[in-house]
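Student: Below is one structure. I have some questions about it.
What follows draws every value from the coordinates through simple rules; no lab data is involved. Worth saying up front: this structure is predicted, and the values here are computed from it rather than measured. Glycine also receives a Cβ, built like all others from the backbone with ideal geometry; neighbour counts cover every protein chain displayed.
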Amino acid sequence: MKLRSLTLRNFRSYAAENFAFHDRVNLIYGENAQGKTNLLEAVHFLLAFRPFRQVRHEELITIGASEARIKGEIESPAGLDEAHIILGGEKRTIKLNGKLVYNASKALGRYNVVAFLPSDIELVKGSPQARRRYLDALIFSLEPAHLAELRKYHRFLVQRNAVLSRGRSVTPESLEIWDEKLIETGSRVISRRMEYAKKMTPLLARIYADSSGSRSEAGLRYATSFAAGDDVESAYAESLKASFAKDRARGHTTVGPHRDNLSFFIDGRDASVYASQGESKNFALALRASEIDLIKATLGKTPVLLLDDVTSELDERRRKFLFGMLGGFPGQIFITTTNPDEVLLKGEMKTFRIRKGRAEPALVKR
Ligand SMILES: Nc1ncnc2c1ncn2[C@@H]1O[C@H](COP(=O)(O)OP(=O)(O)O)[C@@H](O)[C@H]1O
Ligand SMILES: [Mg+2]
């Protein structure tokens, strides 16, 4: 799939701008704070139906305006789509080919996109919550049903916690109905996370080794908050029962997918604790690159790649690896930089010089 064109209205620093993109490489350059990242953010929102970093929708609307619009033509094997996103306050409206999409989770995964961001290092060094959210978002795009299930799980969790907050009067019987629902939805959430973590492991290990040229081994593991054997459901049920006294004392549920952990490892050591700044950057790069392979392996599709200002972050060897990979990549690429000379891509491409929320396009051959 390819994004052919984009129209922005009152989206962050863009009052009104139109873009016609190249179907291979789009190089977006300019000084700092001109709107390069904002452009990638709009592309990501259009293709993934969600922002690539956690923001309130109203931050995306140009200050002083009441509504932002992102509109684009997307070419896919199924034909040409017109996608349209309207953000008004906290409300998000999606239209596909003129028709309102009532249930956004139906649209998730329609297009595929992988974003390399400077903040990716926080996936490695940040909180378990950030890694869970990362894994879930990746799964949504591959299996949209995961989103609905996760939301259900959280609703049931809130209910169970509400009962627990009543304190000493709570009996195991009063939790039974929520336990059942948590086990049903939670087990499916856990199983999917385990499945994709497992699928990702060999892809990541290979790419990390290729990119670093070292013999260090990268890995990832999904660790449940309880001892799970082969039968996740019954192990989860037992641990909920076993943690009753603790849950009642604390006033909330202490086991389940909301407490599980996706851990990253380099040579068997927990990367969130031991990885250096450089190792964390390499890990994040390999992680994103392995998403491309995961999407290919799962859906047989080639995602659109977004790379925000990543070249300046990398050492010589990683930069070579990255541009080697991008050079052989068959899909569409959007890459931002303050220094176009650092982008080692050859062939025909379109460049966009961004200044104060306006874009100057040019077709170039390098
Ligand atoms: N909601 C908004 N309304 C108006 N301007 C915004 C909004 N959000 C961000 N900006 C502006 O966008 C600019 C940053 O754009 P960004 O794309 O991050 O720049 P860069 O080219 O460095 O990637 C800043 O000047 C910021 O003030
Ligand atoms: Mg930027």
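Student: For Ile177 paired with Ala145, estimate the spin-label separation in nm (one decimal), with each label point 7 Å from Cα along the Cα-to-Cβ line.
Tutor: 2.7
Student: How far, in nm, would the chain grow between Ala65 and His154 when pulled straight, counting 0.36 nm per residue and subtracting the alpha carbon separation? Present the calculation step by step, with values, prior to reporting the outcome.
Tutor: Details: separation 89, 0.36 × 89 = 32.04 nm, distance 3.39 nm.
Gain in length upon complete extension: 28.6 nm.
Student: Restrict the search to segment 145-230; then list the GluC sites (Glu not before Pro) that DSSP places in a loop and that have at most 16 other Cβ atoms within 10 Å of their Cβ.
Tutor: When the GluC sites (Glu not before Pro) of segment 145-230 are filtered for loop state and at most 16 Cβ neighbours within 10 Å, Glu217 remain.
Student: Report the FRET efficiency, 1/(1 + (r/R0)^6), for Lys320 and Gln129, where r is their Cβ-Cβ distance and R0 is 51 Å, rounded to 0.05.
Tutor: About 0.90, to the nearest 0.05.
Student: Okay, next question. Using the Cβ atoms and a cut-off under 9 Å, what net charge is assigned to the surroundings of Leu8, where Lys and Arg are +1 and Asp and Glu are -1?
Tutor: Local charge sum for Leu8: +3.
Student: Let me ask another. Can you tell me the alpha carbon radius of gyration of segment 1-87 divided by the globular rule-of-thumb value 2.2 N^0.38 Å?
Tutor: 1.06
Student: Summing Lys, Arg as +1 and Asp, Glu as -1, what charge do residues with Cβ under 11 Å from the Cβ of Gly331 carry, Gly331 excluded?
Tutor: +3
Student: Using the Kirkwood radius built from alpha carbon pairs, what does the Stokes-Einstein equation give as D for the chain at 25 °C and 0.890 mPa s, in µm² per second?
Tutor: Translational diffusion coefficient: 111 µm²/s.
Student: Using r as the Cβ-Cβ distance of Ser276 and Ala223, and R0 as 30 Å, what FRET efficiency do you calculate, to the nearest 0.05?
Tutor: In this case the efficiency is close to 0.85.
Student: Ok, one more. Between Val364 and Asn339, what length comes free when the chain is fully extended (0.36 nm per residue of separation minus the Cα-Cα distance, one decimal in nm)?
Tutor: 7.4 nm
Student: Another one. What base-10 log of the normalised intensity I(q)/I(0) is obtained for segment 56-127 from the Debye formula, alpha carbons as equal point scatterers, at q = 0.18, 0.19, 0.20 Å⁻¹?
Tutor: Relative scattering, expressed as log10 I(q)/I(0), comes to -0.91, -0.96, -1.00.
Student: While we're looking at this one, here's another question. Total Lys pairs in segment 122-300 closer than 19 Å by alpha-carbon, pairs eight or more apart in sequence or interchain only?
Tutor: 5
Student: Kindly state, as a whole number, the per residue volume in cubic angstrom of the convex hull around the alpha carbon atoms of segment 265-366.
Tutor: Per-residue hull volume (Cα only) is 139 Å³.
Student: Let me know the Kirkwood hydrodynamic radius for segment 18-149, please, with Cα pairs as the basis and the value in Å to one decimal.
Tutor: With all distinct Cα pairs of segment 18-149 included, I get 16.3 Å.
Student: Amide H of Ala115: which non-local residues (sequence gap of 5 or more, or other chain) have their own amide H closer than 5 Å, using H built in the peptide plane?
Tutor: When sequence neighbours closer than 5 places are left aside, the close amide H contacts are Leu306.
Student: Calculate, axis by axis, the spread of Cα positions in segment 122-300 along the three principal axes, and write the results as whole Å, longest axis first.
Tutor: 60, 35, 26
Student: If r is the Cβ-Cβ distance from Glu75 to Ser214 and R0 is 41 Å, what FRET efficiency results, to the nearest 0.05?
Tutor: Details: r = 40 Å, r/R0 = 0.97.
The pair Glu75/Ser214 has a calculated efficiency of 0.55.
Student: While we're on this one: For Arg269, what charge total do you get from the other residues with a beta carbon under 14 Å from its beta carbon, if Lys and Arg give +1 and Asp and Glu give -1?
Tutor: Overall, the nearby charge balance is -2.
Student: Ok, one more. What value in Å³ per residue do you get for the convex hull of the alpha-carbon atoms in segment 1-48?
Tutor: It is 75 Å³ per residue.
Student: Excluding residues fewer than 8 places away in the same chain, name every one of the lysines whose C-alpha is closer than 20 Å to that of Lys91.
Tutor: Lys71, Lys99, Lys106
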